[in-house]
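What follows is a set of notes on a single structure, which appears directly below.
The values are calculated or read from the model by the stated rules, or taken from the named source; none is laboratory data. Computed from a prediction, not measured in an experiment: that's the story for all the values here. Note that each Cβ is placed from the backbone with ideal geometry, even for glycine, and that neighbours are counted across all protein chains shown. Surface areas here come from the heavy atoms of the whole protein model, side chains and all, with no ligands, DNA or RNA. Shrake-Rupley method; radii C 1.70, N 1.55, O 1.52, S 1.80 Å.
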Amino acid sequence: MAAQINPSILSADFARLADEAKAVEGADWLHVDVMDNHFVPNLTLGVPIVESLSRATDIPLDCHLMIEDPDRWAPQYVEAGAGSVTFHAEAAAAPVRTAREIRAKGARASMALKPATPIEPYEDLLPELDMLLIMTVEPGFGGQSFLDIMLPKIRRTRQLIAKHGLELWLQVDGGVSASTIERCAEAGADVFVAGSAVYNTDDPAAAVRMLRHQADEATAKAPWACAH
Ligand code: DX5
Ligand code: ZN
């Protein structure tokens, strides 16, 4: 699978979301960061804006819920038009039930891990998921520096995916840019969220193409991909 690049609209102009979606034409997914000021110390947007945005763009929406009680809210984001819904392992009381509800409503189910949350306790849950998100910064804000200490977790997760023969996508989010994306791809990521590295440029669509090219080149040389 070619590397997928998901621009994060957290770094876009919230007053011009439809135009900002057009500015990244060719992106695989549009990454929508939902923050509730409780799970993370920042507040962004909710169901009504996701609903409007899904009508305003053909790019599928990848909703990253950084909220408390995702068990209750996640299905509503599918109904609002999200093609993929990610809840945090640290916030979910019933991750298996929530993942099944997301899938039953017709979206891809995904679970995220904060930097201090290990993957190992979730090994048996992986078949319930379509994607796993490894945060490469502490969630809450765009523009933070990439945490290199997350690379071993990405490698171990890629090994678990291979061990179980899963079709699970492995997403990274936080500090992904031209200078860090190759390390992520080499370690095993295949879906890349990029906020500031896409929107803080003169040509966001070109930034998406550049990042995808870099990721594809790094993946081609990666041992985990050669074994396929
Ligand atoms: C941070 C969000 C990210 C954020 C990434 O908590 O989950 O999606 O937008 O922004 P950059 O790419 O600038 O680190
Ligand atoms: Zn995010």
- Message: Could you go through the range 14-37 and let me know if any residue there is of a type in the set (S, T, N, Q) and in contact (Cβ under 8 Å) with a residue 60 or more places away in the chain.
- Response: no
- Message: Please return the ranges of strands (runs of 3 or more DSSP E) entirely within the range 26-145 where 1 or more residues are among the aromatic types (Phe, Trp, Tyr) and under 21 Å from GLY174 (Cβ atoms).
- Response: 84-88
- Take the residues in the range 5-26 that are away from ligand 2 (no atom under 14 Å from the Cβ) and not charged (D, E, K, R), then tell me which one is surrounded by the fewest Cβ atoms within 10 Å (Cβ to Cβ). ALA15
- Does ALA99 count as farther than 22 Å from CYS184 by Cα, in contact with an Asp or Glu (Cβ under 7 Å, 6 or more places away or on another chain) and surrounded by fewer than 19 Cβ atoms within 10 Å (Cβ to Cβ)? no
- Message: Being within 25 Å of THR117 (Cβ to Cβ), free of Cβ contacts under 8 Å to residues at least 12 places away in the same chain and outside any strand (DSSP E or B) is the requirement here; does GLY165 meet it?
- Response: yes
- Any idea which of (1) open to solvent by 10 Å² or more (accessible area, probe 1.4 Å); (2) in contact with a helix residue (DSSP H, G or I) (Cβ under 9 Å, 6 or more places away or on another chain); (3) away from ligand 2 (no atom under 16 Å from the Cβ); (4) at pLDDT 95 or above is the one PRO223 doesn't satisfy? (4)
- Message: Please verify whether VAL172 is in a helix (DSSP H, G or I), within 13 Å of ligand 1 (Cβ to nearest atom) and crowded, with 22+ Cβ neighbours inside 10 Å, treating the condition exactly as stated.
- Response: no
- Message: Tally up the residues in the range 40-85 that are in contact (Cβ under 8 Å) with a residue 60 or more places away in the chain and open to solvent by 30 Å² or more (accessible area, probe 1.4 Å), please.
- Response: 2
